[in-house]
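Below: the structure, in structure tokens.
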Amino acid sequence: MRITRVEVWRADLPLREPYRIAYETIDRCETAFVRLVTDGHATGVGCGTADPAMTGETTRDTIQALEDVVRPLLQGEDPLRPAHHLHRLREPLVGRPAARAAVDLALHDLLGRAGGLPLWRILGGFREAIPTSITIGILPADETVGRAEELAGRGFRCLKIKGGDDPEVDAERALRVREAVGPDIELRFDANQGYTVEQAVRFVERARGARLELLEQPTPAGEPALLGRVTAAVPLPVMADESLRSLMDAYRLAHGELADMLNVKLQKVGGLAEALRINAVARAAGLEAMVGCLDEPALGIAAGLAFALAAPNVMYADLDGHLDLAEDPTAGAVLLEDGLLRPTDRPGLGWSG
């Protein structure tokens, strides 16, 4: 079997409702797709969602990399050697993690389709489903509470509240959500780099009654020592997100004891193969991991889900990036019921397109 054609296209997918985080307002998902067509019966499809703040590239950069680098390197090659191809692409795609993720997903999807097996089973199938959190953007307190009650009523058992503007206001929002949804809903808080060390500590103290499960990336990503200071100062588990972009970052965070948990996003680190390497570091260091996402289509969520289902120490999932898309050409690649995310049992990533 050989790759006969590499198709690349772009999809701009609007959100049903824009939302705000500490450093930007998000209203759409710009995604690059790649399809690997072979001379056999199998094809493979992947997607790359660039975010200048998270992946350091634009969608235009991703498309260009797929067309100018990936296409000539993969055309005519054996598609069932993903490790070989991803190694060859590592240096040419430096600084292009979303492009790497797109081709990584396509190669893994093709492998599953060629073998007639769902990817989550190929990767190990440690568990069959995982609860996912769902995100509430930065809103006034009353609106935050209303959104939390609505999501809990839809069956979600874990809510992630965005903040990072003002620790006192954020603490009030967290406390009011806890009062509204009761003791059985898990609450997580993501400051998206918005706090100083002092503000993060103050937030944790003020929000103690909210019984938060974790605090995600309170301080700027470019200063990992600050994250370590928060981790050492607060009783709440602290998770690294924007501070984790590579295998080396994972080693530094673990070695320096700068975080209690790692948020592994496939688009941020460059795909499934790299996510599995990073998770091996986390597991060796005794760190729990969460699989996260950007705003991305269900195809990308399916890849994150396959990773989450494969690894025993991936205890948390934040795989809601497809839920707010007004249009998703890959809808149906994952199944969601009462906040529990399951794979389809179709081959590869579970999308038949």
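The values are calculated or read from the model by the stated rules, or taken from the named source; none is laboratory data. Keep in mind that what you see is a predicted model, and the values were worked out from it rather than measured. We place every Cβ from the backbone using ideal geometry, glycine too, and count neighbours over all the protein chains shown. These area figures cover heavy atoms from the full protein model, side chains too; ligands, DNA and RNA do not enter into them. Shrake-Rupley method; radii C 1.70, N 1.55, O 1.52, S 1.80 Å.
A few notes on this one:
- HIS41 exposes around 140 Å² of accessible area when a 1.4 Å probe is run over every protein chain in place.
- Calculated accessible area for the chain comes out at 39 Å² per residue, all protein chains present (probe 1.4 Å; ligands, DNA, RNA ignored).
- Viscosity 0.692 mPa s, temperature 37 °C, Stokes-Einstein D of segment 171-217 from Kirkwood C-alpha radius, µm²/s: 302 µm²/s
- A DSSP coil position with no more than 13 other Cβ atoms inside 10 Å describes the following GluC sites (Glu not before Pro) in segment 262-353: GLU327.
- Rounded to the nearest whole Hz, the Karplus-based 3J(HN,Hα) values (6.51 cos²θ - 1.76 cosθ + 1.60, θ = phi - 60°) of segment 319-335 follow the sequence 10, 10, x, 8, 6, 9, 6, 5, 9, 9, x, 10, 3, x, 6, 9, 10, with x at glycine and proline.
- ³J(HN,Hα) computed for each position of segment 131-139 - Karplus, 6.51 cos²θ - 1.76 cosθ + 1.60, integer Hz, glycine/proline x: x, 10, 6, 10, 8, 10, x, 6, 9
- Area accessible to solvent at PHE126, 1.4 Å probe radius, in Å²: 120 Å²
- Eigenvalues of the alpha-carbon gyration tensor of segment 69-157, scaled by 5 and square-rooted, set the equivalent ellipsoid semi-axes at 39, 20, 9 angstrom, largest first.
- Segment 207-344, Cα convex hull volume normalised per residue, Å³: 122 Å³
- Carbon + sulfur, % of accessible area of the chain - ligands and nucleic acids excluded, 1.4 Å: 49 percent
- Here the relative contact order of segment 239-353, from alpha carbon pairs under 8 Å that lie six or more residues apart, stands at 21 percent.
- For the chain, the Rg and Dmax computed from alpha carbons only, in angstrom: 19.6, 61
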